[in-house]
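The values are calculated or read from the model by the stated rules, or taken from the named source; none is laboratory data. Bear in mind that the values here come from a model prediction, so they are computed numbers and not experimental data. Cβ sites come from the backbone with ideal geometry, for glycine too, and all protein chains shown count toward neighbours.
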């Protein structure tokens, strides 16, 4: 008898990516009629992201080790384990343990690390990585090359801005400040999360004097891709949404909050599926956006390459590797 336990976190700092990724993988195990539990430390109201599996979700802060099953698989998608060293030692000693988080203080302790990009260079034997392990959310649909070309034919340049569900550094405002002076007709589709703590009126104020920029703001993370349906280019922070955008076929410019986000996207960037601007070079963003939106050929090729690299099979591939490792 096998039981799978997920350990996951959601917070203002780490955002929602861990939960979305774990939920996608968890659903695959549930389809196999395997007994599954998710132990979640949620410092945000994230119930909308696991409403279909809510009966299988428990409070990680109340977790106490009690294994009474023949075979346990423990999957960590968490930055730091702060839930009792005794609990952790028992888990690791009595289960097959995996981490699917590219950055975690557990990555040198678990049996295997399965991620889309290797961050810790000294992890060799137990690190399996590659774009084929890139997990996307369950609600992301691809667009065809014909559909993407139709987006390019629209008169306005529709550009999406998504800085995560929390955006703790208010990068949204900084980006809009840079783009507000463009002279290219542009509509900015800004998605903010329910945990965005800043004054939205400041965003409107930044754009109020612009002659060429229209602004749409939505709190729409549950229906993010429907909201961004008209966008031909996205500005992202380099996390899970970047992976999903490439799978969908929408090129992106990424402004990573952390170095690991940049490292994870190396293949996408080097092959031309997306671009990157460092936070310290934010002043170059407007020029890069203007160059890209004028070049339909560049965008079409970036769309094609992104879909080629991210094939949407990441969760399935991780599940198969896990089952292979324990048998």
task: Considering each residue of region 1-36, count those that are free of Cβ contacts under 8 Å to residues at least 60 places away in the same chain and assigned to a helix (DSSP H, G or I), and give that number.
output: 4
statement: Residue set 321, 292; condition closer than 17 Å to residue 115 by Cβ, in contact with a strand residue (DSSP E or B) (Cβ under 7 Å, 6 or more places away or on another chain), in a helix (DSSP H, G or I) and in contact (Cβ under 8 Å) with a residue 24 or more places away in the chain; output residue 321
query: Does region 195-204 include one or more residues that are closer than 26 Å to residue 17 by Cα, free of Cβ contacts under 8 Å to residues at least 40 places away in the same chain, in the same structural domain as residue 233 (by TED's automatic domain parsing) and buried (at least 17 other Cβ atoms within 10 Å of the Cβ)?
result: yes
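This table checks each residue for (1) farther than 22 Å from residue 296 by Cα; (2) outside the structural domain of residue 21 (by TED's automatic domain parsing); (3) part of a helix (DSSP H, G or I); (4) modelled with pLDDT of 95 or more.
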| position | (1), (2), (3), (4) |
| --- | --- |
| 189 | no, yes, no, yes |
| 206 | yes, yes, yes, no |
| 214 | no, yes, no, no |
| 235 | no, yes, no, yes |
| 238 | yes, yes, no, no |
| 246 | no, yes, yes, yes |
message: For the structure I just gave you, tell me whether residue 68 is exposed (fewer than 14 other Cβ atoms within 10 Å of the Cβ), in the same structural domain as residue 126 (by TED's automatic domain parsing) and not in a helix (DSSP H, G or I).
response: yes
- prompt: What about residue 128, is it modelled with pLDDT under 95 and either assigned to a helix (DSSP H, G or I) or not assigned by TED's automatic domain parsing to the domain that holds residue 223 (or both)?
  reply: yes
- request: State all residues of region 220-260 that are under 16 Å from residue 139 (Cβ atoms), surrounded by fewer than 19 Cβ atoms within 10 Å (Cβ to Cβ) and out of contact with any helix residue (DSSP H, G or I) (no Cβ under 6 Å at 6 or more places or on another chain); if no residue qualifies, say none.
  value: 223, 226, 229
query: Do we find that residue 195 is assigned to a loop (DSSP other than H, G, I, E, B) and farther than 23 Å from residue 10 by Cα in this structure?
result: no
Meets criteria (touching a helix residue (DSSP H, G or I) at 6+ places or on another chain (Cβ under 6 Å) and either surrounded by fewer than 18 Cβ atoms within 10 Å (Cβ to Cβ) or in contact (Cβ under 8 Å) with a residue 40 or more places away in the chain (or both)) for residue 178: yes
message: Checking the conditions here, which among 316, 297 is modelled with pLDDT of 95 or more, outside the structural domain of residue 242 (by TED's automatic domain parsing) and part of a helix (DSSP H, G or I)?
response: 316
